[in-house]
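Here is the structure we will look at.
The values are calculated or read from the model by the stated rules, or taken from the named source; none is laboratory data. These numbers come from a predicted model, not from an experiment. Cβ atoms come from the backbone with ideal geometry, glycine included; neighbour counts cover every protein chain shown.
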Number of protein chains: 2
Amino acid sequence: MRKPKVVIVGAGFGGLAVVRALQKAPVDIVVIDRRNHHLFQPLLYQVAAAVLSPAEIATPIRSLLSGLPNVTVMMGEVESVDTSAKQVRANMGDHQEKVDYDYLVLATGSRHTYFGNDHWEAIAPGLKTIDDATAIRNKMLLAFERAEMSSDPEEISRLLTIAVIGGGPTGVEMAGTISELAHAALSREFRNINPKQTRVILIEGSPRVLASFPEKLSSAAANALRKLGVEVYQNARVTDCNANGVVIGDKLIPAGTIIWAAGVQASPAAAWLGVEADRAGRVKVEANFSVSGRENVFVIGDTATQTDAKGKVVPGVAQGAIQGGEHVGLQILARITGKPAPAPFRYRNMGNMATIGRHAAVADFGFLRMKGGLAWWLWGIVHIFFLIGFRNRLAVMLHWLWSFLTLKRGVRLITGVK
Amino acid sequence: MRKPKVVIVGAGFGGLAVVRALQKAPVDIVVIDRRNHHLFQPLLYQVAAAVLSPAEIATPIRSLLSGLPNVTVMMGEVESVDTSAKQVRANMGDHQEKVDYDYLVLATGSRHTYFGNDHWEAIAPGLKTIDDATAIRNKMLLAFERAEMSSDPEEISRLLTIAVIGGGPTGVEMAGTISELAHAALSREFRNINPKQTRVILIEGSPRVLASFPEKLSSAAANALRKLGVEVYQNARVTDCNANGVVIGDKLIPAGTIIWAAGVQASPAAAWLGVEADRAGRVKVEANFSVSGRENVFVIGDTATQTDAKGKVVPGVAQGAIQGGEHVGLQILARITGKPAPAPFRYRNMGNMATIGRHAAVADFGFLRMKGGLAWWLWGIVHIFFLIGFRNRLAVMLHWLWSFLTLKRGVRLITGVK
């Protein structure tokens, strides 16, 4: 008898959670991703800040899944879904592949959005992929090199200014890490400029950074950032990004590097399925992540918007994707094996955390709110223990921790420049 | 009193050896390199073969030299030298910089050459920089992905064929490592293809691989390669490289990845100086590495051709560059301080070594010739202990050794692909 075929698009946290739930089930699993690697997104900002190497936070999907004989991995970009023929169509680079499915899980995440100002992208790159991160790293390191060679004080000051737009966790972590890097690690390496002159500016449109955290932790984070030398602008509306810098209201702040951490837009899953999307492009799914009117199709993670059994909206974070993926995997398992369906989905908030540099963090577990060094250690443990799957956890953990603690110097490579 | 200014172009093994010799001297040193990192070239093939990460074999020049207050580092590309004005002109990306010198050392190395067939470069990339290495890695890994998705047996066989052109140390090491990777590490990760079907072909134009080694070691290397599954073609003339594969004589060998390790051409130092170059573009220097008719100018390493006091030609290897750099540094020191000049230069052959995969190597120390596992260990020790400079030697050594011994899996990233 042919085994049911489960096609999972996207090998992020959500997609891999589905695989994990089904790894021993009598199904054939196909994982399609347009990249060959799973990315540990919460640490991506560290690649951009030249602290970690790409290979330290990315693992080939084939390696992760090689021990599971019922899993096939395909590298390709999904272009459309035919829900009546139950078929996914993907561009494999040299040809189009049609992949039939019995169950389809879309876990394709999101990209950054410029709210209609797409021309800002060339000037203010966002941070979603390894290539984004190395591009930001190159840009920032080149700005230091140019400043070292310049004799124009205004130009030096512009080149040494790094503006981070968006005060969510990514923006906060980015600003803190860059400030630390510039003020500590680089300080002995230049002769004509003093990297301590570096201005790191964090720009948030709303009244406070880390708006999804309790107010007290927001102000703790802002203070910790200021201690690291970051200038924190809140209630500040970016009206333009151009070659000279970033414009807040009508005031230009000259900046050599601008990083976009302000908004995300879901992948085009809604368009593939021909269903309604919300303003951020997310598919409105049922409480069990299924898509109304589309048989055996589920959407999870960043690319879906879901309200759980308690009426809570599942946040677009790794834990949301993981828990959603697990739930969908158990549902598929139940339908196939005739076992009872899992209990209605309830999002368990495992806590919200953000680091500020290498020695401070804020953490919100609902019942417990923390800031400072202990929160930082918790951040490290939670990220490393709970989020990596499958294998090599110890090796990867030690490697990361080592790099993280020593602020390894070898990663500050400028590559891809002729 | 103004300190004499020593300008060193190129922060490879040669350039850094000059810095080391002069680090405590009463001179101002300027190091100009078009990249921001020193590259441990002997292990570059391991980045191409997806064994090591770029950051494991490259270190920012500023980091290496940050402890030396008399050294200034500039990232820029030299465009010309005015030997009468004693001035180097370099493109800094946004402007041209003129750098005055009292002493000039050119240590700008070489690139690969296609012997007039420059159109082969797009098809058969060479291996000199980090970007070269990641481009080869991407190409090879993508070929595996395409093969996995193909249903055409001929196309699969072509995609799984990797041809390495040139049987010198780089070619031999590349072929051995790729073969090992394909046959061992990848074997469990694909479903439709069997990476054991991979054909790795090494093509050498002369009668034997490792032509600079004694004949016995050449045949030991060829045998060790064959044991690893590499097809070794000797006396084989490549007449064309195209999208289908590589042509030997008039026979096409279909291949999905072609790697060029066949010839090198010196950097344009001769043109900058307006002096004669040999067929490989190298500047013919005096026995003390100075350039006849060009006051206080020295050329070392790959970009020079020199005959030492014993009538021996210094080989274009790391040791040649290092010993030359040290000698030039001592000469400059002598001229500045009035100390006696160093004894005439004699190249000390520290041995020629090449690895074949992770467990075999050939080594030629003149008085001692070795092959097999012991030679491999020696290769590791010599490369790691003798070739890295300045600092972090232990940390880097452990890191490399660990990656090397465990054939770390995380590095097989395909990046830079939209």
Within the set of pairs 6 or more residues apart or between chains, which connect a residue that is more than 8 Å from chain A (Cβ to nearest Cβ) inside the range B:125-143 to a residue that is part of a helix (DSSP H, G or I) and surrounded by fewer than 21 Cβ atoms within 10 Å (Cβ to Cβ) with Cβ atoms less than 7 Å apart?
-> B:P125/B:D132; B:P125/B:A135; B:G126/B:D132
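Residues are listed down the side, and each one gets a yes or a no for (1) within 14 Å of chain B (Cβ to nearest Cβ); (2) free of Cβ contacts under 8 Å to residues at least 12 places away in the same chain; (3) closer than 24 Å to A:V291 by Cβ:
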position: A:I29; (1), (2), (3): yes, no, yes
position: A:I32; (1), (2), (3): yes, no, yes
position: A:L39; (1), (2), (3): yes, no, no
position: A:V71; (1), (2), (3): yes, no, yes
position: A:A107; (1), (2), (3): no, no, yes
Hits in the range A:72-87 (condition: over 19 Å from A:G15 (Cβ atoms) and part of a strand (DSSP E or B)) = A:D82
Please find, within the range A:251-265, the residue that is surrounded by the fewest Cβ atoms within 10 Å (Cβ to Cβ) out of those that are modelled with pLDDT of 95 or more and over 19 Å from A:A48 (Cβ atoms).
-> A:K251
Tell me, yes or no, whether the range B:94-112 has at least one residue that is touching a Leu at 6+ places or on another chain (Cβ under 8 Å), polar (S, T, N, Q) and modelled with pLDDT of 90 or more.
-> no
Within the range B:279-333, residues assigned to a loop (DSSP other than H, G, I, E, B) and either among the charged types (D, E, K, R) or touching a residue at least 60 places away in the same chain (Cβ under 8 Å) (or both) come out as B:R279, B:A280, B:G281, B:R282, B:E286, B:I300, B:D308, B:K310, B:K312, B:P315, B:G316
Some residue of the range B:41-53 being assigned to a helix (DSSP H, G or I), in contact with a Pro (Cβ under 7 Å, 6 or more places away or on another chain) and more than 10 Å from chain A (Cβ to nearest Cβ) = yes
Which ones in the range B:159-192 are surrounded by fewer than 21 Cβ atoms within 10 Å (Cβ to Cβ) and either touching a residue at least 12 places away in the same chain (Cβ under 8 Å) or not in a loop (DSSP other than H, G, I, E, B) (or both)?
-> B:G168, B:H183, B:A184, B:A185, B:F190, B:R191, B:N192
Please enumerate the residues belonging to the range B:146-163 that are within 19 Å of B:V47 (Cα to Cα) and at the interface with chain A (Cβ under 10 Å from one of its Cβ atoms).
-> none
Yes or no: B:S212 out of contact with any strand residue (DSSP E or B) (no Cβ under 9 Å at 6 or more places or on another chain), over 30 Å from A:V99 (Cβ atoms) and surrounded by fewer than 19 Cβ atoms within 10 Å (Cβ to Cβ)?
-> no
Those residues of the range A:215-231 which are buried (at least 16 other Cβ atoms within 10 Å of the Cβ) and more than 28 Å from A:F367 (Cβ to Cβ), in sequence order | A:L228, A:G229, A:V230, A:E231
Do you know which residues across the range B:91-105 are more than 9 Å from chain A (Cβ to nearest Cβ) and not hydroxyl-bearing (S, T, Y)?
-> B:N91, B:Q96, B:K98, B:V99, B:D100, B:D102, B:L104, B:V105
